[in-house]
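Peer 1: The structure under discussion is supplied below as structure tokens; questions concerning it will follow.
The values are calculated or read from the model by the stated rules, or taken from the named source; none is laboratory data. Since the structure is predicted, the reported quantities are computational estimates derived from the model, not experimental observations. Glycine also receives a Cβ, built like all others from the backbone with ideal geometry; neighbour counts cover every protein chain displayed.
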Amino acid sequence: MRDRPRIQDLAGAVLAGGETEDLLDLMLRSARTDLGARSAVLVMPLDREAWTIEMVDGPDAPALLGEQVPAAHPIGVALEQADADALERIETFALGEESCRVMLAVIDAAEHGTGLLGVLRPEGCEEFSAADRERLDALAGLVGLTLRVPTLQADSEIDDERGRIARDLHDLAIQELFAVGMELEGLVDSLGSPDVTPSKARIRSSVAASVQGVENAVAQIRLIVQSLRRERAEATLTEQLRREVGLATAGLGFVPSLRLPPHPAEMDAELPPEIADDVVAVVRECLANAARHAHASAVAVSVSVFSEGVDRVVQVNVSDNGRGIDPTVRRRSGLANMSSRARRHSGWVDAITLEPGTMISWRVTLPTT
């Protein structure tokens, strides 16, 4: 818990924006100093089958910066498969003739690909602890968020643009048509009055003004429709989950970790829309509950799809290291909502007590095709 204010400060710096390079420097420096490491490294994809050490903070920079991670190396294999567990099991790294103690954490940077944040200690130094692992995972989450923030900001800009379009529709096209209606209504009243007979010039002027008003409105609507046609395609399940995790950072004060299948696009294609929507809703509910009640310093979200007998199952696990479920609380509407979503798809939800914290496990059976 003593580290939480610093993670909150770092998360605030990321969400406030700034130069990506400066923020990444800050994360690596924090990883090295906070974990008592000799160096911290950031490894990111060079292409689909190769990774390179893009940034190094510490005295090993001359030897490591720009080096490629061989595809056959255990680190390369784990990155290619996006296997976070395999990365966590790697404890040593050969640096020239020296063997270093390492701790690695996966980075999910969305369109930037899968990378890792790692820290190195000399072989004879103290082993990394569970608290060190928790800290590194939190920092890796912040690195991923740093790389994704421009995308989140672009989404916000799209929302702003849609608001502008709605205002334009009301202030320009609708107001123009309203004025046309008023003009024509006045003309109809004049033509229907036995006491007033409008001149041909008045009728001609009124109709001309109305035609011009309609043309102006049509032109405005055409521009608005063209803007709407440029909207982005609907977000995939993977994109929605990454967005939920990013949005939860403000309430939690740190970045939750997100673990997806090695090939997320296959999950996106396999889950029908109604189940994908429920998966996103369950993750959102769990993250909101953790922010409100858990008082946690780490939250992990895992979404997996696997075979169980003849069935295909999707499972969502959200765990935290907070104070657990309060036994005196009798009303848990969030859990009831998740249970209702699970029952719709022949599934269930369970709250499992951890030491410390809680894990919500939600799973449903996919419909057969």
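Peer 1: Here is a check on your reading of the model: is Glu80 surrounded by fewer than 16 Cβ atoms within 10 Å (Cβ to Cβ) and out of contact with any Phe, Trp or Tyr (no Cβ under 7 Å at 6 or more places or on another chain)?
Peer 2: No: the conditions fail for Glu80.
Peer 1: Scan region 92-114 residue by residue and report those that are in contact with an Asp or Glu (Cβ under 8 Å, 6 or more places away or on another chain) and not hydrophobic (A, V, I, L, M, F, W, C).
Peer 2: If the condition is that a residue be in contact with an Asp or Glu (Cβ under 8 Å, 6 or more places away or on another chain) and not hydrophobic (A, V, I, L, M, F, W, C), then Thr92, Glu98, Ser99, Arg101, Thr114 are the ones that fit.
Peer 1: Would you point out which residue out of Leu87, Leu104 is surrounded by 13 or more Cβ atoms within 10 Å (Cβ to Cβ) and modelled with pLDDT under 90? Spell out the reasoning first.
Peer 2: Numbers: Leu104 fails: modelled with pLDDT under 90.
Result of the check over Leu87, Leu104: Leu87.
Peer 1: Arg222 fails exactly one of the following numbered conditions: (1) at pLDDT below 80; (2) exposed (fewer than 10 other Cβ atoms within 10 Å of the Cβ). What is the number of that condition?
Peer 2: Answer for Arg222: the failing condition is (2).
Peer 1: Here are the criteria: (1) buried (at least 21 other Cβ atoms within 10 Å of the Cβ); (2) more than 16 Å from Trp348 (Cα to Cα). Tell me which single one His293 does not satisfy.
Peer 2: With respect to (1) buried (at least 21 other Cβ atoms within 10 Å of the Cβ); (2) more than 16 Å from Trp348 (Cα to Cα), His293 is out only on (1).
Peer 1: Which pairs do you get when a residue that is closer than 13 Å to Gly115 by Cα, found in region 82-101, comes within reach of a residue that is among the β-branched types (Val, Ile, Thr), reach meaning Cβ atoms under 6 angstrom, with the pair 6+ apart or on two chains?
Peer 2: Ala82/Thr114; Ala84/Val106; Leu87/Val106
Peer 1: Out of region 65-77, which residues are touching a strand residue (DSSP E or B) at 6+ places or on another chain (Cβ under 8 Å) and within 20 Å of Glu88 (Cα to Cα)? So that I can check it myself, show each step before the final result.
Peer 2: Going residue by residue through region 65-77, those that are touching a strand residue (DSSP E or B) at 6+ places or on another chain (Cβ under 8 Å) are 65-69, 71, 75-76.
If the condition is that a residue be touching a strand residue (DSSP E or B) at 6+ places or on another chain (Cβ under 8 Å) and within 20 Å of Glu88 (Cα to Cα), then Gln68, Val69, Ala71, Ile75, Gly76 are the ones that fit.
Peer 1: How do the strands (runs of 3 or more DSSP E) wholly within region 1-105 filter down when requiring 2 or more residues that are closer than 19 Å to Thr146 by Cα: which remain? Walk me through how you get there before you give the answer.
Peer 2: Values: elements: 39-47, 50-57, 92-95.
Answer list for region 1-105: 39-47, 50-57.
Peer 1: Cβ-Cβ distance below 7 Å, separation of 6 or more or different chains: which pairs start in region 56-81 with a residue that is assigned by TED's automatic domain parsing to the domain that holds Ala40 and touching a residue at least 60 places away in the same chain (Cβ under 8 Å) and end on one that is outside any loop (DSSP other than H, G, I, E, B) and basic (Lys, Arg)?
Peer 2: Filtered contacts from region 56-81: Gly58/Arg32.
Peer 1: Oh, and also: Whether any residue in region 243-261 is aromatic (Phe, Trp, Tyr) and either surrounded by fewer than 20 Cβ atoms within 10 Å (Cβ to Cβ) or modelled with pLDDT of 90 or more (or both) is what I want to check. Give the derivation first.
Peer 2: As a first pass, look at region 243-261 and keep what is aromatic (Phe, Trp, Tyr): 254.
Now drop any that are not either surrounded by fewer than 20 Cβ atoms within 10 Å (Cβ to Cβ) or modelled with pLDDT of 90 or more (or both), which leaves none.
No; the residues of region 243-261 include none that is aromatic (Phe, Trp, Tyr) and either surrounded by fewer than 20 Cβ atoms within 10 Å (Cβ to Cβ) or modelled with pLDDT of 90 or more (or both).
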